[in-house]
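The structure appears right after this line, and notes come after that.
The values are calculated or read from the model by the stated rules, or taken from the named source; none is laboratory data. Here the structure is a predicted model, which means the values were calculated and not measured. Cβ: placed from backbone, ideal geometry, glycine included. Neighbour counts: every protein chain shown. We work out accessible area using only protein heavy atoms, side chains counted, and drop any ligands, DNA or RNA first. Shrake-Rupley method; radii C 1.70, N 1.55, O 1.52, S 1.80 Å.
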Amino acid sequence: MTTPMPRARDAQATKALLLEAATDEFAERGLAGARIDRVAERAGANKRLLYVYFGDKNDLFDAVLAEQTRAVVAAASLDDGDLCAFAAARFDYMLANPRARRLATWRVLERSEPTALEREAFQARVDAVASAQRAGRLRDDITAVDLFAIVLRMTEGWLSASPGLLATAGDDPMSPGRLAEHRAALLAAVRRVSEPPPGQG
């Protein structure tokens, strides 16, 4: 006799638990090191349901990446091309969500091809920068994709810095004071990098 599927409300709750458990598992171990059994155990759910809802481990990893992409896009929007506001919001989000930082690292190491959602998200941001350049709000002597890429990397500079560099900041490179100091420096640098030079237009 087949096991009846859970009711819709139970199914949504179980899917959410599985996705949360998978996020923890992939953040800690990456795609290669993650195990479906551990995800199910973390979620307190039947492993069979994981395959029913998400497919195999690769599909589950894609689902986690999609959730993370949507979350960071929502937290750090760039609709108006304001790179300083984007940098502040993205720095704050990545600081508050260490799993997102680890997943981003694993994603680069273990997946070379972008998903359709990632392409769409990045294209929208580059387009927003290009629009702001045309409106004279951002410098236009650097291509939109390069300007965005530079600022994007700047938002991760301290949070993904090597232990050796972090050690130069003293006993606690992640103290509130040190982070506030770096955040202020980040915004000053982004402003300097992105603002239109005299005579643009």
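I need the shape label for the range 56-190. Rule: rounded when a/c is under 1.5, else prolate if a/b > b/c, else oblate, with a, b, c from the alpha carbon gyration tensor. Here the range 56-190 falls in the oblate category. Summing charges over all other residues whose Cβ lies under 12 Å from the Cβ of Val129, with Lys and Arg as +1 and Asp and Glu as -1, gives -2. Considering only Ala74, Leu17, Gln123, the residue lying farthest towards the positive end of the dipole of the chain is Leu17, judged by Cα position with unit charges set on Cβ. About the centre of its Cα atoms, the chain shows a dipole size close to 340 debye [charges on the beta carbon of Lys, Arg (+1) and Asp, Glu (-1) only; nearest 20 debye].
Summed over the residues of the chain and divided among them, the accessible surface reaches 57 Å² per residue at a probe radius of 1.4 Å. Between the range 174-201 and the range 134-173, the alpha-carbon centres lie 9 Å apart. Quantify, in whole percent, the carbon and sulfur part of the accessible surface of the chain (1.4 Å probe; protein heavy atoms only). With neighbouring chains kept in place, the figure for the chain is 55 percent.
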